[in-house]
Structure formats: C-alpha cells, structure tokens
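Heads up: the structure comes next, in structure tokens.
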Ligand SMILES: O=c1ccn([C@@H]2O[C@H](COP(=O)(O)O)[C@@H](O)[C@H]2O)c(=O)[nH]1
C-alpha cells in the first residue's frame, strides 16, 4: 500500500463510519479512527475496518503520565493498528516509555507518532496557553524530543514539513490540515493543498471533511491521488 492518503472517519456511530468505509478502496487509502468514533464504538470498529481490508491509524493522541500512556500504546498495538500517536508535550520520559513498551511487544508494531502543535492552532492560540512562539518553532522543539525518544515520526502541519525534513530526515510526517484548492478550511488554520504538502515533504496526508462530505468520497480520494 503506497498511497499517502489517510481518510479521517469522524462519525458519531458505527454504521455511519462503516457506510463511509465501504465507499472507499483500501488500495487507495488508509483510514483514521479518532476520539469521537472510538469513544462511541471502541475496538469493535477497528476490527470491522480491518475486516474490510483497511490499515487503521488510531488517532487518540494519548497524553498522560509515562506508565498510563505506555499501557494505552500497548493496548493499541494489541489491536493490530498500523499507527498510533501520543502528544509530544507529554515529554521525553513519556514518549520513551511508549517506545520501550512497543520494543517489548511481540508481533507487528504500530508506527509510533508524536503530535506536535495541532493544525487548528496559530501563533495567537499558542500565546493563549503561555507559549509566545511561532508554531514552527514549537514544532521543531517537540520534534527534537520525539527523535530523542525513538519515535517514528510526527503529526504536524505540512507548512512545517520542509523544515522538519531538514532537522530529522528519517522522521515520517503525518499531516492533517490538508485542503484541496477551493475547499473550506473549516476549523483548520495551518493548511496546504495535497500536492503542495507532498512537495514540502509530507509522508501521509490526513484528510477528513473534504472527502467524507463529498458527493462521491471514493472519487474525491481518486481526484486527490491524481493531483499528486
Ligand atoms: O493537528 C492535528 C491532529 C489531528 N487532526 C485530525 O485530523 C483530522 C482532520 O480532519 P479534517 O476534516 O480534514 O479537518 C481530524 O480527525 C482531526 O482530529 C488534525 O486535524 N490536526
């Protein structure tokens, strides 16, 4: 599977998510299960998506003390997901504990990815939480910690991809905030088109509403792939 597209299944229930997944082709994209869908449906929805042939990114953005976060990552690995993530702002010890628990895990290991600065945030939002820095500065700082902890890559905006690839060439970049030209930005702030994101160095494009709200989601994915 070498498509970079990961479709975010942000739905309130099992049937809606599965109806969307059935309109997508596992050869064209992976799927992402986030907080809303997982909180409502739990591991059952991950199993059902695996049965349809999809690789699953479990996007629960764990953020807690090291032991609690590492045990959550272990549970994700036992579900057989392709990718799991934790917040880099949980710190070096927390990320290292997650790496360690995966090293001890028997069987296939999910990619372990660190969330940097949410793509819905811009400089003034960071100032609001006491961080008076440009988003890219904070992203690069957190990337350094994630690399040190042995993570596989980062969730970031594609706007930071070029600088990140210079700082950490092996880090895999998972970029939400992707908007095909002419799409509504919704609540996203640091956005880029699919083609520009790939040119900047993104490895995976996380795309939700521009696909799931399209009249024909399967065609929307095909059009994005054709634009790359
Ligand atoms: O920084 C982040 C981290 C995660 N997300 C998630 O990606 C999708 C984006 O959906 P769109 O509908 O394409 O905006 C969504 O599930 C977020 O929870 C993010 O957007 N930014």
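The values are calculated or read from the model by the stated rules, or taken from the named source; none is laboratory data. Here the structure is a predicted model, which means the values were calculated and not measured. Every residue, glycine among them, receives a Cβ derived from its backbone with ideal geometry; neighbour counts consider all protein chains shown.
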Filtering segment 205-226 down to residues that are part of a helix (DSSP H, G or I) and under 12 Å from residue 4 (Cβ atoms), which residue is farthest from the ligand (Cβ to nearest atom)? 225
Mind checking whether some residue in segment 125-142 is touching a strand residue (DSSP E or B) at 6+ places or on another chain (Cβ under 6 Å), outside any loop (DSSP other than H, G, I, E, B), in contact (Cβ under 8 Å) with a residue 24 or more places away in the chain and buried (at least 20 other Cβ atoms within 10 Å of the Cβ)? no
Selection from segment 180-206 of residues touching a helix residue (DSSP H, G or I) at 6+ places or on another chain (Cβ under 7 Å) and crowded, with 19+ Cβ neighbours inside 10 Å yields 190, 192, 194, 197, 200, 202, 205
Being out of contact with any helix residue (DSSP H, G or I) (no Cβ under 8 Å at 6 or more places or on another chain), within 15 Å of the ligand (Cβ to nearest atom), under 27 Å from residue 199 (Cβ atoms) and free of Cβ contacts under 8 Å to residues at least 60 places away in the same chain, is that true of even one residue in segment 33-51? yes
Scan segment 98-117 for residues that are surrounded by 16 or more Cβ atoms within 10 Å (Cβ to Cβ) and either free of Cβ contacts under 8 Å to residues at least 12 places away in the same chain or farther than 14 Å from residue 75 by Cβ (or both) and report the count. 7
Going by the structure shown, is residue 55 within 12 Å of the ligand (Cβ to nearest atom) and within 24 Å of residue 211 (Cβ to Cβ)? no
With the condition kept exactly as written, say whether any residue in segment 85-97 is at pLDDT 95 or above, within 23 Å of residue 205 (Cα to Cα) and surrounded by fewer than 22 Cβ atoms within 10 Å (Cβ to Cβ). yes
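With 173, 154 as the choices, which residue is surrounded by 15 or more Cβ atoms within 10 Å (Cβ to Cβ), within 11 Å of the ligand (Cβ to nearest atom) and either under 15 Å from the mean Cα position of the chain (by Cα) or assigned to a strand (DSSP E or B) (or both)? Don't jump to the end; show me each part of the working.
Values: 173 fails: within 11 Å of the ligand (Cβ to nearest atom).
None of the other options fit; the residue is 154.
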List pairs: first residue in segment 163-181 and over 19 Å from residue 135 (Cα atoms), second residue assigned to a helix (DSSP H, G or I) and near the ligand (Cβ under 10 Å from one of its atoms) anywhere in the structure, Cβ distance under 6 angstrom, at least six positions apart or on different chains. 180/210
Qualifying positions in segment 101-134 - in contact with a helix residue (DSSP H, G or I) (Cβ under 7 Å, 6 or more places away or on another chain) and farther than 21 Å from residue 163 by Cα: 101, 102, 105, 109, 110
Within segment 103-116, can one find any residue that is farther than 26 Å from residue 12 by Cα, modelled with pLDDT of 95 or more and assigned to a helix (DSSP H, G or I)? yes
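If the requirement is being touching a helix residue (DSSP H, G or I) at 6+ places or on another chain (Cβ under 7 Å) and closer than 23 Å to residue 55 by Cβ, which of these qualifies: 170, 143, 161? If you could, list the steps in order and put the result at the bottom.
Working: 170 fails: touching a helix residue (DSSP H, G or I) at 6+ places or on another chain (Cβ under 7 Å); 143 fails: closer than 23 Å to residue 55 by Cβ.
After ruling out the rest, the residue left standing is 161.
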Can you find even one residue in segment 187-204 that is within 13 Å of the ligand (Cβ to nearest atom), part of a helix (DSSP H, G or I) and either within 18 Å of the chain's Cα centre (by Cα) or modelled with pLDDT under 95 (or both)? yes
